[in-house]
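S.K.: Input: one structure, supplied below.
Each reported figure results from applying straightforward, stated rules to the coordinates on display, with no laboratory input. Computed from a predicted structure; not experimentally measured. Here Cβ is always computed from backbone atoms with ideal geometry, including for glycine, and neighbour counts include all displayed protein chains.
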Amino acid sequence: MDHFPTNWGRPRSEAVDLYNTYPLHNRPGPKADAFTEGVQRTQAPIVTGTSVLAFRFKDGIIMAADNLASYGSLARFKDVQRLIPVGAYTVIGGGGDMSDLQHINHLLEGLIIEELCEEDGHALGPAEIYEYLSQVLYARRSKMDPLWNSLLVGGFKDGKSFLGYVDLLGTTYTASTLATGYGSMIAQPLLRKYVEGREETLTEDEGKKIIEECMKVLFYRDARSINKYQIATITEKGISISESLSAHTEWSFAEKIRGYGAQTQ
Amino acid sequence: MAQQRSFNPYTENGGTILAIAGADFAVVAGDTRQTEGYSIQTRYAPKVFRLTDKAVLAVNGFAADGNMFVKKVKQRLEWYKHAHSKDMPLQSIARLIQTMLYAKRFFPYYVYNILGGIDEQGKGAVYSFDPVGSYERETCRAAGAAQSLVQPFLDNQIYFKNQTGEHPTHLPLPHVLQLVTDSFTGATERHIEVGDGLEMFVILARGRGSQELEGVAGIREVTTSDERERVFVINRDLKRD
């Protein structure tokens, strides 16, 4: 047995340093091991979530996402919660790669515990979580090893509501209505029509109706969506995330469609 | 190796910025729309930032890089202030920006910078940069999505290009504000990535009166200390379509 502990667990080095001319702690060795070729960074998302919607209303923030995690066009996992409570004041809604989202959740859990242990009476609010996420995602894109997500951060703390967007490039912005992915093309115009200029008067019930309408339109048009979604509200009273809901949909018109599909006449 | 699809770390977030130097003032402006492709991400994302009481920086291009760059410049200026108990002179900020941009020559900040303010002689100054740090001092400069629409207008109205007869070397402040407003309403009409809001910073040289700014709609002062250069912000609406 080698009696230099620094050599334990390392490849035998006679081949590279025959007469032990290098100090023990930095013996020359192969820079890359046999696995370097096999190390893969996220080049593309694998299991993905689709849109997240959120907007401001008179008492805080309302946010929604469906429960589907797709594997390509396969509806693979149909009971996934994409709305994640972080601390007591913030909810993040995530689209894009679901494993990266779980990793982000893991980072945030660590962060919240760290802050809790300080016991200094300062809890992280939505603005801090937003800043943290934007720095993490920007740092990862700068390493060319992105976290393949687009996230909405919604929260309510100290009498103020907060709503922001962060994505895999580190791009950030805030607005009174936000949507990710397909929702940014299909639901965002509807949200702007219903919400812009009415942020201070919209009630929670009206907000939930708007969400239902948008989730229904998304289910009709987005092939990576499912009619099973959750709504989160973040207000003075804290976070509440609903059970899974589904919107009433109407398909009888499909019988009359002619010109494409399986039917011949 | 498995499927090799490359990740593109850049995007373009639209918008336009503009700065004009006067004899004893400078105006730095930008629209507040942020876009990606055909989508408007938000109607209010500032692109123009007060660095000191005599320096204002406008950033345009890839918004994430822009925000990070401004953050780092502000940090360096704070360190300078702690070390020397004064604000960094404008020409030094310009050189600092060039070094910081060139430091990332082989993974650049995809950002066009325009720095406006008051120089050590108390004169209005504008410095413009490319993404890797080439820079020069100018009287006026437009950059961003509608650069090709705004710069020729400025060449004609500020430098009097293609005009005959006598013309002044420096224009008065109200006239410059008019030109800036017109530049942006014009760009909003003809460019889809420009609109929503206009944010104009006005920097006045030490001891210069501010009468011309009285009664201007949507103005507020953001100066941080007395008896020095003064900084104002003017917010205007632009078309949202």
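S.K.: Within 10 Å of each Cβ of B:193-205, how many other protein chain Cβ atoms are there on average?
M.R.: Neighbouring Cβ atoms belonging to other protein chains average 0 per residue here.
S.K.: Give me a comma-separated list of calculated 3J(HN,Hα) values for region B:120-130, in order, Karplus coefficients 6.51, -1.76, 1.60 applied at θ = phi - 60°, integers in Hz, x for any Gly or Pro.
M.R.: Going residue by residue, I get 5, 8, x, 9, x, 9, 10, 10, 10, 10, 9 Hz, with x marking Gly and Pro.
S.K.: Across peptide B:63-74, how many C-beta atoms of other chains are within 10 Å of each residue C-beta, on average? Walk me through the intermediate numbers first.
M.R.: Working: counts 5, 11, 6, 0, 6, 6, 0, 0, 1, 0, 0, 0.
So the per-residue partner count for this stretch is 3.
S.K.: When a/c reaches 1.5 or more, the comparison of a/b and b/c decides; with that in mind, is the protein assembly as shown rounded, prolate or oblate per its Cα gyration tensor?
M.R.: In terms of gyration-tensor shape, oblate.
S.K.: Quick one: which residues, 5+ away or cross-chain, put their amide H under 5 Å from the amide H of B:D87? H built at 1.01 Å from N.
M.R.: Counting only residues 5 or more places away or on other chains, the set is empty.
S.K.: For region B:16-237, what class follows from the C-alpha gyration tensor (a ≥ b ≥ c being the square roots of its eigenvalues): rounded when a/c is under 1.5, otherwise prolate if a/b is larger than b/c, else oblate?
M.R.: rounded
S.K.: If you don't mind, there's one more thing I want to ask. How about region B:148-238: which GluC sites (Glu not before Pro) there are in a DSSP loop, with at most 15 other Cβ atoms within 10 Å of their Cβ?
M.R.: For GluC sites (Glu not before Pro) across region B:148-238 that sit outside H, G, I, E and B with at most 15 neighbouring Cβ atoms in 10 Å, the list reads B:E166, B:E214, B:E227.
S.K.: Can you give the extra length, in nm with one decimal, that the chain gains between A:A44 and A:E115 once fully stretched, where that is 0.36 nm per residue apart less the Cα-Cα distance? Write out the running numbers ahead of the final one.
M.R.: Working: separation 71, 0.36 × 71 = 25.56 nm, distance 3.29 nm.
So the extension gain works out to 22.3 nm.
S.K.: Can you pull the one-decimal nm distance between simple spin-label points at B:Q178 and B:F107, each 7 Å off the Cα toward Cβ?
M.R.: 5.0 nm
S.K.: Between B:E227 and B:A83, what is the FRET efficiency for a Förster distance of 30 Å, r being their Cβ-Cβ separation, to the nearest 0.05?
M.R.: Calculated value: 0.85.
S.K.: What average number of partner chain Cβ atoms lie no more than 10 Å from the Cβ of the residues making up A:189-195?
M.R.: 1
S.K.: Roughly how many debye, to the nearest 20, is the charge dipole of the protein assembly as shown about its Cα centre, given +1 on each Lys and Arg Cβ, -1 on each Asp and Glu Cβ, and no other charges?
M.R.: Magnitude of the dipole: close to 960 debye.
S.K.: Quick one: putting +1 on the C-beta of Lys and Arg, -1 on the C-beta of Asp and Glu, what dipole do you get for region A:47-241 around its Cα centre, in Debye to the nearest 20?
M.R.: The calculated dipole for region A:47-241 is roughly 960 debye.
S.K.: Spin-label point model (7 Å from Cα, Cβ direction): what's the B:F160 to B:I192 distance in nm?
M.R.: Placing both labels 7 Å along Cα→Cβ, they lie 4.0 nm apart.
S.K.: Which of B:P152, B:G122, B:V70 sits closest to the plus end of the dipole of region B:16-237, meaning its Cα is farthest towards the positive end, when Lys and Arg get +1 and Asp and Glu get -1 on the C-beta?
M.R.: B:V70
S.K.: Below 14 angstrom from the Cβ of B:D196, what's the summed charge of the other residues (Lys, Arg +1; Asp, Glu -1)?
M.R.: 0
S.K.: What distance in nm separates the simple spin-label points at A:E250 and B:S92, each placed 7 Å from Cα in the Cβ direction?
M.R.: Going from the A:E250 label point to the B:S92 one covers 7.0 nm.
S.K.: Quick one: length gained pulling B:D237 to B:E136 fully straight, 0.36 nm per residue minus the C-alpha distance? Before the final figure, lay out the partial values.
M.R.: Working: separation 101, 0.36 × 101 = 36.36 nm, distance 3.13 nm.
Gain on stretching B:D237 to B:E136: 33.2 nm.
S.K.: Would you please name the GluC sites (Glu not before Pro) within region A:166-257 that are DSSP coil residues with at most 13 other C-beta atoms within 10 Å of their C-beta?
M.R.: Loop-located and lightly packed - A:E200, A:E236, A:E243, A:E250.
S.K.: Still on this structure, I have one more. Lysines near A:K228 by alpha-carbon distance under 17 Å, same-chain residues fewer than 8 away left out - which ones?
M.R.: The qualifying lysines are A:K78, A:K208, A:K209, A:K216.
S.K.: Which shape class, rounded, prolate or oblate, goes with region A:47-241 when its Cα gyration tensor gives a ≥ b ≥ c as root eigenvalues, a/c under 1.5 marks rounded, and past that a/b bigger than b/c marks prolate? All intermediate terms of the calculation are to be shown ahead of the outcome.
M.R.: Numbers: a/c = 1.65, a/b = 1.08, b/c = 1.52.
Judged from the Cα gyration tensor, region A:47-241 comes out oblate (a/c at least 1.5, b/c at or above a/b).
S.K.: What's the local net charge at B:Q178, with K and R +1, D and E -1, over the other residues with C-beta under 14 Å away? Walk me through the numbers on the way to the answer.
M.R.: Values: positive: B:R236; negative: B:D182, B:E212.
That works out to -1.
S.K.: Sticking with this structure for a sec: Where Lys and Arg each count +1 and Asp and Glu each count -1, what net charge lies around A:A88 among other residues with Cβ under 13 Å from its Cβ?
M.R.: Once positives and negatives cancel, what remains is -2.
S.K.: Of the listed peptides A:176-186, B:148-158, what is their order by residue-averaged count of other C-beta atoms within 10 Å, with the highest listed first?
M.R.: Listed from highest to lowest mean packing, they are A:176-186, B:148-158.
S.K.: Still on this model: Starting from the amide H of A:V52, placed 1.01 Å from N in the peptide plane, find each other amide H under 5 Å away whose residue is 5 or more places distant or on another chain.
M.R.: Hits under the 5 Å cutoff: A:T180, A:G183.
S.K.: Shifting gears a bit: What pairs from B:K54/B:K74; B:K47/B:K104; A:K157/B:K74 go past 24 Å between their alpha carbons?
M.R.: From the list (B:K54/B:K74; B:K47/B:K104; A:K157/B:K74), the Cα-Cα distance tops 24 Å for A:K157/B:K74.
S.K.: Of B:G30, B:I192, B:A58, which is farthest towards the positive pole of region B:16-237's charge dipole, taken about the Cα centre with +1 and -1 on the beta-carbons of Lys, Arg and Asp, Glu respectively?
M.R.: Of the options given, the answer is B:A58.
S.K.: A follow-up question, please. Sort A:142-149, A:51-58, B:233-240 by packing, meaning the average of other beta carbons within 10 Å per residue, with the highest value first.
M.R.: Result, highest mean Cβ count within 10 Å first: A:51-58, A:142-149, B:233-240.
S.K.: Next question. Take the Cα coordinates of region B:110-175, assign each an equal point scatterer, and use the Debye formula without solvent to give log10 I(q)/I(0) at q = 0.13 Å⁻¹.
M.R.: Log-scaled intensity ratios, in q order: -0.44.
S.K.: For n ≥ 4 DSSP H runs only, could you compute -39500 (n - 2.57) per run for chain B, divide by its residues and tell me the 222 nm figure to the nearest 500?
M.R.: After summing the helix terms and dividing by residue count, I get -9000 deg cm²/dmol.
S.K.: Roughly how many debye, to the nearest 20, is the charge dipole of chain B about its Cα centre, given +1 on each Lys and Arg Cβ, -1 on each Asp and Glu Cβ, and no other charges?
M.R.: 780 debye
S.K.: Positive end of the dipole of the protein assembly as shown, charges at C-beta (+1 Lys, Arg; -1 Asp, Glu), about the Cα centre: which of B:G209, B:T181, A:L111 has its Cα farthest in that direction?
M.R.: Selected residue: B:T181.
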